[in-house]
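These notes concern the structure reproduced below.
Values in this text are rule-based calculations from the coordinates and carry no lab data. Just so it is clear, the model here is predicted, and its values are computed rather than measured.
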Amino acid sequence: MEQTQPIVGRFIIEILGAPAEFITQKLEEHVQKLKDAGVQIITEKYEEPAPKDNLFTQFVELQIKFPKMVDLLDFCFDSMPSSVEIISPEQLTLDMNDFEDLMNDFQAKLHHADMMLKGLQAQKALLDKNAVNVFHNFIKFACKAPQTLKELTSLLGMGEKELTPFVDGLVQKGTLKKDGNKYHTNG
């Protein structure tokens with residue numbers, strides 16, 4: 001038997017950021033995009049932004065009707081609600097072929113999300129490596145004339161504790177030399 005009843009649920013979508021006006025705008029824009037995409041929102045209730053660690057958090061509670069289970073699944077993947085409550089129907093009967101299709105859609109979305117995450121991790125690793133290389137170049141440039149660690153911290157805007165591992169790494173590689181308490185390039 002194929003699913004014939006729509007699925008009605010209550011969902012909470014949360015956002016974290018700053019300033020408060022920005023997160024309110026983004027949350028409202030997200031709900032509008034859902035409506036524009038044909039999601040049948042029955043009710044929406046916005047809570048006021050609340051401070052949380054130097055940021056703000058806000059949520060909207062939505063009651064939505066989905067014609068098919070796959071629409072519910074798409075919504076959950078796209079909007080990442082923090083809470084899902086199915087109001088109706090109390091029971092759902094699915095044909096095994098429909099269930100297989102649903103599971104295959106679910107797996108495809110998981111694989112897509114996994115590929116995106118791995119791509120972002122690779123990009124982050126490359127950006128981190130490049131950032132460290134650029135920072136090393138700044139240190140080397142600053143050390144064309146001998147500099148103490150304290151002088152380097154004021155030039156580079158970084159505390160001694162954070163800067164020391166970078167400078168020590170360049171000394172270990174032989175890129176910088178340390179004479180007394182001053183660092184300088186080999187050239």
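Quick notes on this one:
- Nearest-ten-degree value, helix 160-173 long axis tilted from longest Cα axis of the chain: 70
- Cα-based helix-to-principal-axis angle, 20-36 vs the chain, degrees rounded to 10: 40
- Using a Gaussian network model of the chain in which every pair of alpha carbons under 10 angstrom is joined by a spring, one finds that among P81, P67, P19 the greatest mean-square fluctuation is at P19.
- Among the listed pairs K129/K161; K35/K109; K45/K109, those beyond 27 Å (Cα-Cα): K45/K109
- Angle in degrees between helix 69-79 and the longest Cα principal axis of the chain, rounded to the nearest 10: 30
- Correct option for Rg and Dmax of the Cα atoms in Å [calculated from the coordinates] among (1) 26.9, 83; (2) 18.6, 70; (3) 19.9, 71: (1)
- Spatial separation of Cα centroids for region 136-152 and region 24-59, in angstrom: 48
- Reachable aspartates and glutamates from K144, criterion Cα separation under 15 angstrom, eight or more residues apart if same chain: D179
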